[in-house]
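This report concerns only the one structure given below.
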Amino acid sequence: MAALSSSTALSSSSVNGLHQRIAFSSPPSFLLPQRFLSAKLSLQCRRNSHPNMVLMEDGAAVTRPTHVKNETPLNELNERLVLGTSLEESNDAAGFDMNGDESTVSITVVGASGDLAKKKIFPALFALYYEGFLPKHFTIFGYARSKMTDAELRNMVSRTLTCRIDKRENCDEKMDEFLKRCFYHSGQYDSQENFAALDKKLMAHEGGRVSNRLFYLSIPPNIFIDAVRCASSSASSGNGWTRVIVEKPFGRDSESSAAMTKSLKQYLKEDQIFRIDHYLGKELVENLSVLRFSNLIFEPLWSRQYIRNVQLIFSEDFGTEGRGGYFDHYGIIRDIMQNHLLQILALFAMETPVSLDAEDTRNEKVKVLRSMRPLRLEDVVTGQYKSHTKGGVSYPAYTDDKTVSKDSLTPTFAAAALFIDNARWDGVPFLMKAGKALHTRRTEIRVQFRHVPGNLYNRNFGTDLDRATNELVIRVQPDEAIYLKINNKVPGLGMRLDRSHLNLHYAARYSKEIPDAYERLLLDAIEGERRLFIRSDELDAAWALFTPLLKELEEKKIIPEYYPYGSRGPVGAHYLAARYNVRWGDLGVEQ
Ligand code: NDP
Ligand code: BG6
């Protein structure tokens, strides 16, 4: 029986939540996601004859824990993690050896020569390694058509490990150790032979251990299916789990998305597919549920009774630089609204899930999406950035991008008013705004509350009562913060009120760096935690909401409102908000 080393420490002070991970100061010899402790196991799992072992459809064998009370002391919990099921029992029951020494995880980054792999995936894997979150036996393979040796891949990866870790202690040493575990295999995405050759290399590294395999599809969507077909038939695990992370875009509309899901499901079961939306891995998005469901003061206010409107705002201060070819085929509504902002909206608005189990949360999100009113063209404003010169610097127009046609009508900005027709949110506008090449880079959620009825202090506010309402701001990035705007008496003998902030500024409150979203999501995929990945019915509901609007915009060739690069975007967004008596919160004084 493998035991947790004495240096093993649980990372959090509470033992009841599912989000805690076991932080190992050295690589774990036994990796059991702690979140399984109180989670209901997936409805899709098949039970075998052994009461403590459950086989997932993706081939994972997970131990079913004995009941753990909220107040279980950490040391006892630690022991239960290890002792909940004896190794012999597990082996007999599942045919797998759950001992970390006997199992291995192979991560294949398909499209390893690309932008995302360099920018996000390898740095995230390194950060996980640095923090001790990767299992003892792991191997990383880069796979792409480009010809590269292992040494060249390592060189490429080391040059782009510009992650948060690179200023930390022992980084060079750890990086060397990490790079020794990285290999490269060149192959075509539609070649079973090439994937079979990869399989041989993976097996050699796995050395006869139980093999668990994660494929990260970091390639353009038109080759997803080929790659999945070849990986599943020629390189999937024979005795452990096989999982595939799929990057967006998941289609362009309902039809293409459904076709992609259907094709993927020819080769994979739903619980092997991890559709990534990296916004779900962002710290403050993950915190949304904690904020709502673990603080008495918020949940009772979280409805039409107290909330006037909700704003979901995404802005970037750069254009499509380098990604114009991709972007022109999708536009900002598909790129940001239909996925990142809509996912945040669903989490924000959902009812309390039965538990933190992936299926319970995803069930609630789907209900929100399915309760949404079809989007109308008149509730949407689109824009496209045009060139602008400021301080002697000239910024390009969207259509100056060589990969974009000169007459492109693709929106680089959109604002929309959405409604959830259910008892909790009836009549509350959810305003979304997303744009590239704007004046600032920021993602935030703004919750504007109603007026205080019969407010004794109304006369202190003058005529603009809207300015006196409370606003909760969750700044997802950059400079993460949660602040609540309140009215406060200015100290002194008079009775003057001002707007002040109760401010939880992450950099001031927490010394620890915030992990990149990809770190959280990669670790979740390795651990088999699906809560932050998109289920196919969620995807269908999201497309059902946006597809008719997108078709109408394209069929009617709606001309976007042009806005200068670096500006606040089209003025139409303000008229749209005003129609619903809303003032965009990001124009306020704290900006
Ligand atoms: P790239 O365009 O850089 O493509 C990744 C790799 O795929 C390339 O290095 C290339 O490798 C191969 N490839 C590219 N085009 C083709 C083609 N037409 N046919 C066959 N192979 C091709 O993509 P990214 O790395 O930017 O993105 C990967 C995925 O992630 C995409 O689905 C993208 O939409 C998504 N994504 C990307 C983000 C980003 O910031 N980059 C953000 C969010 C999602 P080789 O030639 O060596 O085979
Ligand atoms: C991606 C979009 O999904 O998210 C990009 O395709 C966008 O267009 C990016 O720039 C923003 O992600 P982040 O994490 O940098 O805010």
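General observations
- Test result for residue 173, among the acidic types (Asp, Glu), within 15 Å of ligand 1 (Cβ to nearest atom) and assigned to a helix (DSSP H, G or I): no
- Residues being surrounded by 20 or more Cβ atoms within 10 Å (Cβ to Cβ), hydroxyl-bearing (Ser, Thr, Tyr) and at pLDDT below 95 - total across region 130-169: 1
- Residue tally, condition without any contact (Cβ under 8 Å) to a residue 40 or more places away in the chain and either of a type in the set (A, V, I, L, M, F, W, C) or within 14 Å of ligand 2 (Cβ to nearest atom) (or both), over region 261-289: 0
- All told, residue 516 meets the bar of being acidic (Asp, Glu) and within 16 Å of ligand 2 (Cβ to nearest atom).
- Within region 140-160, none of the residues are among the basic types (Lys, Arg), over 14 Å from residue 107 (Cβ atoms), within 16 Å of ligand 2 (Cβ to nearest atom) and in contact (Cβ under 8 Å) with a residue 40 or more places away in the chain.
- Residues in region 442-460 that are closer than 30 Å to residue 279 by Cβ and either within 16 Å of ligand 2 (Cβ to nearest atom) or outside any loop (DSSP other than H, G, I, E, B) (or both): 8 in all.
- Reported count of residues in region 526-557, each being farther than 29 Å from residue 426 by Cβ and not aromatic (Phe, Trp, Tyr), is 9.
- Some residue of region 476-489 being over 34 Å from the mean Cα position of the chain (by Cα), surrounded by fewer than 12 Cβ atoms within 10 Å (Cβ to Cβ) and over 19 Å from residue 587 (Cβ atoms): no
- Where residue 313 falls short, out of the listed (1) out of contact with any strand residue (DSSP E or B) (no Cβ under 6 Å at 6 or more places or on another chain); (2) more than 16 Å from ligand 1 (Cβ to nearest atom): (1)
- Members of region 114-156 that are more than 17 Å from residue 245 (Cα to Cα) and within 13 Å of ligand 1 (Cβ to nearest atom): 145, 146, 147, 148, 152, 153, 156
- Screening residue 255 against (1) under 26 Å from the mean Cα position of the chain (by Cα); (2) more than 16 Å from ligand 2 (Cβ to nearest atom); (3) buried (at least 17 other Cβ atoms within 10 Å of the Cβ) leaves a single unmet condition, (3).
- Restricting the search to helices (runs of 4 or more DSSP H) fully inside region 506-591 and requiring at least 1 residues that are touching a Ser or Thr at 6+ places or on another chain (Cβ under 9 Å) gives 536-555, 572-579.
- Each residue in region 216-225 was checked for being more than 10 Å from residue 267 (Cα to Cα) and more than 9 Å from ligand 1 (Cβ to nearest atom), and 1 of them qualify.
- Yes/no for residue 202 being more than 25 Å from the chain's Cα centre (by Cα) and away from ligand 1 (no atom under 16 Å from the Cβ): yes
- Restricting region 237-252 to residues that are in contact with an Asp or Glu (Cβ under 8 Å, 6 or more places away or on another chain) and part of a loop (DSSP other than H, G, I, E, B), the residue that is nearest to ligand 2 (Cβ to nearest atom): 248
- Here the condition is being of a type in the set (A, V, I, L, M, F, W, C) and either under 21 Å from residue 124 (Cα atoms) or touching a Lys or Arg at 6+ places or on another chain (Cβ under 9 Å) (or both); of 203, 156, it holds for 156 alone.
- The single condition among (1) away from ligand 1 (no atom under 16 Å from the Cβ); (2) at pLDDT 95 or above that residue 500 does not meet is (2).
The values are calculated or read from the model by the stated rules, or taken from the named source; none is laboratory data. What you see is a predicted model, and the numbers here were worked out from it, not measured in a lab. Cβ sites come from the backbone with ideal geometry, for glycine too, and all protein chains shown count toward neighbours.
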